[in-house]
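Enquirer: Before I ask anything, here is the structure I am working with.
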Amino acid sequence: MRNEQPILEVISLEKKFPVYGAFGKIGGTKAYVNAVKNVSLKVYEGETYGLVGESGSGKSTTGRTILGLTEATSGQVLYQGHNLVELSKKELRKFRRDLQMVFQDPFSSLDPRQKIGDLLEEPLIIHRLGEKKERQQKVFQLLKKVGLQPEHYFRYSHELSGGQRQRLGIARALIMNPKIIICDEPVSALDVSIQSQILNILKELQGELKLTLLFITHDISVVRYISDRVGIMYLGTIVEEGMTDDLFARPLHPYTKALFSAVPDFLKKSLKERVILKGEIPSPLNPPSGCLFHTRCPYATERCRNEIPVMREVESEHSVACHLVE
Ligand SMILES: Nc1ncnc2c1ncn2[C@@H]1O[C@H](COP(=O)(O)OP(=O)(O)OP(=O)(O)O)[C@@H](O)[C@H]1O
Ligand SMILES: [Mg+2]
């Protein structure tokens, strides 16, 4: 393993959402959706950690819980010697400048009544950073950095195309000079050519500003392109993690193999065996016993049905949670 300290460390993160009955809270809490379950990961400075998995696997909840946008049920998020999960809202504000988020749909996080220049300047005003002139200068610089034009300063966000809007979302995340950006499906709503433009902008900015990225996506090709390391999520847990090249050259978990099997390109080039998933993804309201994947795994044994597999490093920096991997 590396000897450097991670910039961000998540330890046994857990998020349960209460689910209410037909009569709301009056009937009491009936059940819990275990959206994130025992997730641990380390992110090193300057790298891109890609988190990939099917819809509903808990990727967004992991990202939101790390930032404190969703309250964790238990676990730790360590940043600069502090456990962010335990901080009060006021204490958390100090660190929130360093940790920003880019969303799939920047519309939902941008006030449509504000002009773009004002949207970008707002956090600087709130944090009382610089005089009016300096602030405006910073906004114009940032527009240029993300590939928008000076005239966009006076427009509204609904007057931008989808790709331009995502550039604005990135600019908004960058305005406070963050250290870490959590990108939640930032290119999933865009067509392929615009996707690669946005991914390239993120890569360039990362190099220039020494940013650390946690990149969330369900798209295997995107995660392969952008990430240095990848974590594969299934039903709220990470089942395999490794350096991107190693993981794609030699996936170990049957679920990872199944995900890769669904991408025609990889099948031809690197995958030796094809794994076809059985059935549907189980409901997180009623997760399977033992290995969460056993109901869909073509290789499952009695042990898989009863015993929860733990993550263990089986090759250098390549870990997997599966009873069947030697
Ligand atoms: N606020 C909430 N209340 C109740 N359940 C929730 C809430 N947010 C998410 N969930 C549930 O938690 C699980 C994980 O959801 P999450 O949005 O994190 O998945 P995801 O991997 O980001 O999926 P997608 O790829 O579709 O964005 C899902 O079963 C979802 O229904
Ligand atoms: Mg999501």
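Enquirer: Would you calculate the volume per residue, in Å³, of the smallest convex hull containing every Cα atom of the chain?
Expert: Taking the convex hull of the Cα positions in the chain, it is 160 Å³ per residue.
Enquirer: For a quick check, take a GNM of the chain with Cα springs below 10 Å and name the residue from GLU122, GLU273, GLU185 with the largest mean-square fluctuation.
Expert: Taking springs between Cα atoms under 10 Å, the residue moving most is GLU273.
Enquirer: Given Cα pairs under 8 Å that are at least 6 residues apart, what percent is the relative contact order of segment 201-320?
Expert: Working: 141 pairs, mean separation 24.6, N = 120.
Dividing the mean separation by the residue count of segment 201-320 yields 21 percent.
Enquirer: Kindly identify segment 91-190 as rounded, prolate or oblate by the Cα gyration tensor criterion: order the square roots of the eigenvalues as a ≥ b ≥ c, call it rounded if a/c is under 1.5, otherwise compare a/b with b/c, prolate if a/b is larger, else oblate.
Expert: Verdict is oblate for segment 91-190.
Enquirer: Say R0 is 41 Å: what FRET efficiency, to the nearest 0.05, do GLU134 and HIS82 get from their beta-carbon distance?
Expert: E(calc), rounded to 0.05, equals 0.85.
Enquirer: Which values, in whole Å and largest first, are the semi-axes of the equivalent ellipsoid of segment 31-119 obtained as the square root of 5 times each eigenvalue of the Cα gyration tensor?
Expert: 24, 19, 15
Enquirer: Sequence gap at least 6, Cα distance under 8 Å: using those rules, report the relative contact order of segment 253-326 to the nearest whole percent.
Expert: 24
Enquirer: I've got another one for you. Keeping to pairs on different chains or 8 or more places apart, tell me how many lysine pairs in segment 188-326 have Cα atoms under 29 Å apart.
Expert: So the count of such lysine pairs works out to 9.
Enquirer: Also, quick follow-up: Distance in nm between label sites at ARG250 and ASP265, each 7 Å beyond Cα in the beta-carbon direction?
Expert: Computed distance between label sites ARG250 and ASP265 equals 2.4 nm.
Enquirer: For segment 216-315, what value does the Rg/Rh ratio take when both radii are computed over Cα atoms and Rh is the Kirkwood radius, given to two decimals?
Expert: On the way: Rg = 13.6 Å, Rh = 14.3 Å.
Rounded to two decimals, Rg/Rh equals 0.95.
Rule-based calculations on the coordinates, nothing more; no lab input. Quick caveat: nothing in here was measured; it's all calculated off a predicted structure. Glycine also receives a Cβ, built like all others from the backbone with ideal geometry; neighbour counts cover every protein chain displayed.
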